[in-house]
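The values are calculated or read from the model by the stated rules, or taken from the named source; none is laboratory data. Every value quoted in this text rests on a predicted model; they were computed, and no experiment measured them. Note: ideal-geometry Cβ built from the backbone for every residue, glycine included; neighbour counts use all protein chains shown. In case anyone asks, the SASA skips ligands and DNA or RNA and just uses the protein heavy atoms, side chains included. Shrake-Rupley method; radii C 1.70, N 1.55, O 1.52, S 1.80 Å.
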Amino acid sequence: QVQLEESGGGLVRPGGSLRLSCAASGRAFASYGVAWFRRAPGEDREFVTAINWIGSTTHYADSVKGRFTISRDNSKSTVYLQMNNLKPEDTAVYYCAAVQSLTTASNIATTARFDAWGQGTQVTVFT
């Protein structure tokens, strides 16, 4: 079974950039779609972006479109989240989740149950 571990979070000024990584262990990672979620203090979990199994489709929440880019390198069993022009409202714990499916990123965004979750990495954008 696939296990996920996020890394790359930290503190950054508004307008700055971070790149998060979601590293997977286990077999058949290339058959999994992956999504990023975030949870801000006092808020519910929020969908951020998703990428399908081969990286041919992506989907973004309106709040991050144009600023965030999701990508994957299946040879390294890793999904990335490049975050540019960060805003204070981006402050949250960011989680990656994987589902064994060949569906599109748009469908992954509404997946009810994922097969694996990472432990999260903190992103703090301070003024």
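Any residue at all in region 67-74 that's more than 19 Å from residue 108 (Cα to Cα) and without any contact (Cβ under 8 Å) to a residue 24 or more places away in the chain? Yes, region 67-74 contains at least one residue that is more than 19 Å from residue 108 (Cα to Cα) and without any contact (Cβ under 8 Å) to a residue 24 or more places away in the chain.
Considering only region 117-127, state which residues are more than 12 Å from residue 48 (Cβ to Cβ) and either at pLDDT 95 or above or open to solvent by less than 60 Å² (accessible area, probe 1.4 Å) (or both).
Result: 117, 118, 119, 120, 121, 122, 124, 125.
Of the residues making up region 96-115, those that are closer than 17 Å to residue 80 by Cβ and of a type outside the set (Val, Ile, Thr) are 96, 97, 98, 105.
Does region 49-56 include one or more residues that are of a type in the set (Phe, Trp, Tyr) and either touching a Cys at 6+ places or on another chain (Cβ under 8 Å) or in a strand (DSSP E or B) (or both)? Don't jump to the end; show me each part of the working.
Taking region 49-56 as the starting set, the residues that turn out to be of a type in the set (Phe, Trp, Tyr) are 53.
Narrowing further to those that are either touching a Cys at 6+ places or on another chain (Cβ under 8 Å) or in a strand (DSSP E or B) (or both): none.
No, every residue in region 49-56 fails to be of a type in the set (Phe, Trp, Tyr) and either touching a Cys at 6+ places or on another chain (Cβ under 8 Å) or in a strand (DSSP E or B) (or both).
In the set (1) closer than 16 Å to residue 108 by Cα; (2) modelled with pLDDT of 95 or more, residue 18 fails one condition alone, (1). Between 100, 82, which is closer than 17 Å to residue 115 by Cα, among the polar types (S, T, N, Q) and touching a residue at least 60 places away in the same chain (Cβ under 8 Å)? Checking each option against the conditions leaves just 100. Among the residues here, residue 123 qualifies as more than 22 Å from residue 1 (Cβ to Cβ) and touching a residue at least 60 places away in the same chain (Cβ under 8 Å). For region 27-56, which residues satisfy the criterion of being farther than 30 Å from residue 127 by Cα and open to solvent by 50 Å² or more (accessible area, probe 1.4 Å)? Listed by number, the residues that qualify are 27, 28, 53, 54, 56.
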